[in-house]
Each structure stands twice: as C-alpha cells, then as structure tokens.
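Below is one structure, written out as structure tokens; comments come after it.
The values are calculated or read from the model by the stated rules, or taken from the named source; none is laboratory data. Because the structure is a prediction, the values reported are computed rather than measured. Here the Cβ positions follow ideal geometry from the backbone for every residue, glycine too, while neighbour counts run over all protein chains shown.
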Amino acid sequence: MTLPPPMFFHTLDNGPDRVAPFSHAVSVGPWAFITGQMPCDPIDNTLPLPEGVVAQTHAVMANLKLVLAGLGCDFSMVAQARVFLTEFQRDYAAMNATYATYFAPGKLPARTCIGTTGLARDALVEIDLLVYRPGGIPPTGD
C-alpha cells in the first residue's frame with residue numbers, strides 16, 4: 001500500500017502579515033493551496049488599504065507573489081485562481097485588466113470570480129490560488 005504524500009503547513013517568515021489565524025499555504029505533493037490574500041500592506045496589515053480595485057488588485061497580487069516565492073513558485077505555476085469581489089458589477093472589468101497582466105498571454109489559469117457581500121478589512125478584492133509544482137513543494141521549515 002502506498003502512503004499519501006505528507007501535508008505541509010507553510011507559515012512564511014517573509015510572507016505577508018496575516019490578518020487572521022491561517023497558514024500562508026498548505027501543500028501536498030506537487031500541489032499548493034495558497035490562502036486568499038488581501039490588499040493589505042505585507043509588513044503591517046493594520047495600515048489603510050489602497051484606494052480602488054486596481055490598486056487593491058495589484059496589492060493582492062504582490063502579496064500572492066511573496067507567498068509563491070516563499071514556496072519556490074511563481075505565477076507561471078498557477079493552475080487555478082478564485083477571485084472574490086465585493087462590488088462585482090462595478091469592479092469586474094478593472095480587476096480583470098489588472099489581474100491579466102500577471103500571467104503570460106495564453107497561459108491564464110482556470111478561474112472562478114465570485115461576488116460577495118463583504119471581505120475582511122472591507123477590502124474590495126481577495127484572491128486565492130491553486131499551484132502545481134512538478135517535483136513537489138518542499139517544506140518551509142515551520
């Protein structure tokens with residue numbers, strides 16, 4: 001009988017400041033589940049959020065990039081994304097235009113975009129990721 005690969009919980013020293021009790025990511029084998037990131041300052045999440053969905057989407061993607069880097073990954077390894085918007089009709093097009101700039105043309109991950117009534121810190125956008133890294137995600141020492 002083959003045992004399943006171990007599950008690793010990644011709380012990254014260089015990851016974004018967390019707004020709640022969670023790991024930055026959890027990995028099993030070649031897959032990593034990246035916790036939804038907020039548009040918070042990566043060092044001090046109590047600072048004011050950026051104004052508008054474009055600035056907030058850039059901040060979210062910057063925080064996701066920090067987590068990806070901490071796992072030895074990058075945006076080219078993203079298999080799926082889930083986007084949560086509090087003002088779906090108003091912000092969908094602007095978020096899409098901003099989000100798309102982080103991926104190579106023709107290499108966009110599968111995605112779901114959900115309108116929601118609220119997010120932590122009254123953010124306009126939150127994004128989580130599912131990442132595939134051939135060879136697996138190494139433990140981060142936590």
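Structure notes:
- Residue in segment 98-139 that is farthest from Leu71 (Cα to Cα), counting only those that are assigned to a strand (DSSP E or B) and in contact (Cβ under 8 Å) with a residue 60 or more places away in the chain: Val125
- Options Val78, Val28: the member that is more than 25 Å from Asp122 (Cβ to Cβ), in contact with a Pro (Cβ under 6 Å, 6 or more places away or on another chain) and crowded, with 21+ Cβ neighbours inside 10 Å: Val78
- Members of segment 41-59 that are of a type outside the set (Asp, Glu), farther than 20 Å from Tyr92 by Cα and either surrounded by fewer than 17 Cβ atoms within 10 Å (Cβ to Cβ) or within 14 Å of the chain's Cα centre (by Cα) (or both): Pro42, Ile43, Thr46, Leu47, Pro48
- Some residue of segment 60-70 being of a type outside the set (Val, Ile, Thr) and more than 12 Å from the chain's Cα centre (by Cα): yes
- Output for segment 122-131, where each listed residue is more than 16 Å from His24 (Cα to Cα) and either surrounded by 16 or more Cβ atoms within 10 Å (Cβ to Cβ) or touching an Asp or Glu at 6+ places or on another chain (Cβ under 6 Å) (or both): Ala123, Leu124, Val125
- Criterion applied to Val67, Val131, Val60 was being among the aliphatic types (A, V, I, L, M), touching a Cys at 6+ places or on another chain (Cβ under 8 Å) and closer than 20 Å to Leu12 by Cα, and the one residue passing it is Val131.
- Condition check for Ala94: modelled with pLDDT under 95, out of contact with any Pro (no Cβ under 9 Å at 6 or more places or on another chain), outside any strand (DSSP E or B) and of a type in the set (A, V, I, L, M): no
- Failed item, numbered, when Ala79 is tested on (1) without any contact (Cβ under 8 Å) to a residue 40 or more places away in the chain; (2) under 20 Å from Val26 (Cβ atoms): (1)
- Number of the exception - Leu3 against (1) among the hydrophobic types (A, V, I, L, M, F, W, C); (2) touching a Cys at 6+ places or on another chain (Cβ under 7 Å); (3) free of Cβ contacts under 8 Å to residues at least 12 places away in the same chain: (2)
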